[in-house]
Amino acid sequence: MRLLTSFREALAKTRNGLAGHWNALLGRQLVDDAFWAELEETLIGADFGVGYAERIVTDLKLAAQQQNLRTSTDVLRVFKSDVADFLKHPGVTAGGTGAKPHVVLIVGVNGSGKTTTIGKLAAAARARGQRALLVAADTFRAAAADQLAVWAKRSGAEIVRDKEGADPAAVVFDGLAAAKARGYDVVFIDTAGRLQTKHNLMEELKKIRRIIGREVDGAPHETLLVLDATTGQNALSQARLFHAAAPLTGIAVTKLDGTARGGIIVAIVDQLDVPIRYVGFGEQLDQFKQFDAAAYVDALFDRAL
C-alpha cells in the first residue's frame with residue numbers, strides 16, 4: 001500500500017492530465033471507431049509512444065471481438081491489465097548476482113539526476129548490510145566528485161576520487177583495485193554526463209567498460225541509465241545511443257513527479273526492451289523506489305478504473 005501511495009503521488013500530474021480524456025472514454029456508450037481513435041490519441045499525448053499506441057489499440061480491438069467486450073469500461077480494464085503485463089520484466093537487483101564486488105556502471109546526461117540516484121542506490125545497499133564504494137569517474141564536470149562525496153557521506157558509503165581532469169578510466173582502475181583489496185560488496189561507478197551526440201565521450205565510455213571487464217570478471221554486472229522523465233521523447237534518443245555504447249541492463253527514471261507525460265516509461269520499454277528498474281520522484285532517500293509495474297498502472301489510472 002505504501003508503494004502504491006508513492007506512485008500515486010509521483011504520477012499525480014500524469015494522472016490528472018489523463019483524467020479528462022479517460023472520463024470521456026468511459027462516458028462513451030459505444031466502442032466504435034471514434035472510441036478507438038480517441039484512445040490512441042490519448043496514449044500518444046501521454047508519451048506512450050506512437051508504435052505502442054497503435055499496437056495496443058489493434059490488440060484491444062481483437063480482444064473486444066474475441067471476448068465480446070461491449071462497454072468502454074470492459075475495454076479499458078483489459079487495457080490496464082495488458083499494460084501492467086507488458087511492463088513486467090525480469091532483472092537482477094543491485095548486488096544480486098553473487099559477484100564480489102558487484103559492479104554497477106551508471107550513465108546518463110548532465111542534469112538527469114545521476115549523482116542523486118547513485119547516492120540512493122548506495123543507501124539501499126547499506127540498508128541491506130553491504131559495503132558500498134562510489135567511484136567518481138566524472139572528472140570533466142567541476143565539483144562532480146564533491147557532489148558525489150556528499151552522497152557518499154550521506155549514504156554511509158566510501159568514495160574513490162581523483163583531481164578534476166584526471167583520466168576517468170584510471171580512476172575506475174584505482175577504484176576497482178581498492179574494492180577488491182578492501183572487500184567491498186558493491187561498486188557504483190559514476191561517469192561524466194555525456195551528451196549523446198559527442199562521439200569522443202561515448203568512446204571514453206566504451207574504454208571504461210573495457211577496463212571494468214578486465215579488472216573484474218563478468219563486470220559490469222549492471223549498466224544503469226538514468227533518464228529524466230521530463231525530457232519526454234528525447235529520453236528515447238538518449239537511451240538508444242547509450243545502449244549502443246554501453247549495453248544497458250536497466251533504466252532509472254527520475255523526476256517522475258515533474259511530468260504530465262509519465263507514459264514515457266512504456267515507450268522506453270517498448271523501443272529498447274530494457275527494464276525500468278527504479279523510479280525517482282524527489283531528493284529524499286525514500287523518494288526512490290524499485291519499479292513495480294502493477295503499482296505504476298494502478299497509480300496512473302486509479303481515478304478511472
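Quick look at the values:
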| item | result |
| --- | --- |
| Given (1) part of a helix (DSSP H, G or I); (2) without any contact (Cβ under 8 Å) to a residue 60 or more places away in the chain; (3) surrounded by 15 or more Cβ atoms within 10 Å (Cβ to Cβ), index of the condition A34 fails | (3) |
| Subset of region 1-28 that is in contact (Cβ under 8 Å) with a residue 24 or more places away in the chain and outside any helix (DSSP H, G or I) - its residue that is farthest from L62 (Cα to Cα) | L11 |
| L195 being closer than 23 Å to A145 by Cβ, in the same structural domain as V107 (by TED's automatic domain parsing), modelled with pLDDT of 90 or more and not in a helix (DSSP H, G or I) | no |
| Complete set of residues in region 96-106 that are at pLDDT below 95 and surrounded by 14 or more Cβ atoms within 10 Å (Cβ to Cβ) | T97, A99, K100 |
| Residue that is farthest from L11 (Cα to Cα) [pool: residues in region 251-295 that are touching a strand residue (DSSP E or B) at 6+ places or on another chain (Cβ under 6 Å) and of a type in the set (G, A, S)] | A252 |
| Single unsatisfied condition, R28 versus (1) at pLDDT below 90; (2) touching a His at 6+ places or on another chain (Cβ under 8 Å); (3) of a type outside the set (F, W, Y) | (2) |
| Any hit, region 198-218, residues being surrounded by fewer than 24 Cβ atoms within 10 Å (Cβ to Cβ), on the phi < 0 side of the Ramachandran plot, assigned to a loop (DSSP other than H, G, I, E, B) and in contact with a Lys or Arg (Cβ under 7 Å, 6 or more places away or on another chain) | no |
| Which numbered condition V135 misses (of (1) outside any strand (DSSP E or B); (2) touching a helix residue (DSSP H, G or I) at 6+ places or on another chain (Cβ under 8 Å); (3) free of Cβ contacts under 8 Å to residues at least 60 places away in the same chain) | (1) |
| Some residue of region 169-178 being of a type in the set (V, I, T), farther than 28 Å from V83 by Cα, in the same structural domain as W151 (by TED's automatic domain parsing) and in contact with a Leu (Cβ under 8 Å, 6 or more places away or on another chain) | no |
| Count of region 53-86 residues which are more than 22 Å from L30 (Cα to Cα) and either surrounded by fewer than 20 Cβ atoms within 10 Å (Cβ to Cβ) or out of contact with any helix residue (DSSP H, G or I) (no Cβ under 9 Å at 6 or more places or on another chain) (or both) | 3 |
| Hits in region 240-267 (condition: surrounded by fewer than 22 Cβ atoms within 10 Å (Cβ to Cβ) and assigned to a helix (DSSP H, G or I)) | R240, L241, H243, A244, A245, D257, G258 |
| Lone qualifier among G280, G258, G262 - being under 17 Å from G49 (Cβ atoms), outside the structural domain of A124 (by TED's automatic domain parsing) and either touching a Phe, Trp or Tyr at 6+ places or on another chain (Cβ under 9 Å) or without any contact (Cβ under 8 Å) to a residue 12 or more places away in the chain (or both) | G262 |
| Residues of region 141-158 that turn out to be surrounded by 13 or more Cβ atoms within 10 Å (Cβ to Cβ) and more than 24 Å from the chain's Cα centre (by Cα), as a count | 1 |
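The values are calculated or read from the model by the stated rules, or taken from the named source; none is laboratory data. What you are looking at is a predicted structure, and each value in this text was computed from that prediction instead of being measured. Using ideal geometry, Cβ is built from the backbone for each residue, glycine included, and neighbour counts are taken over all protein chains shown.
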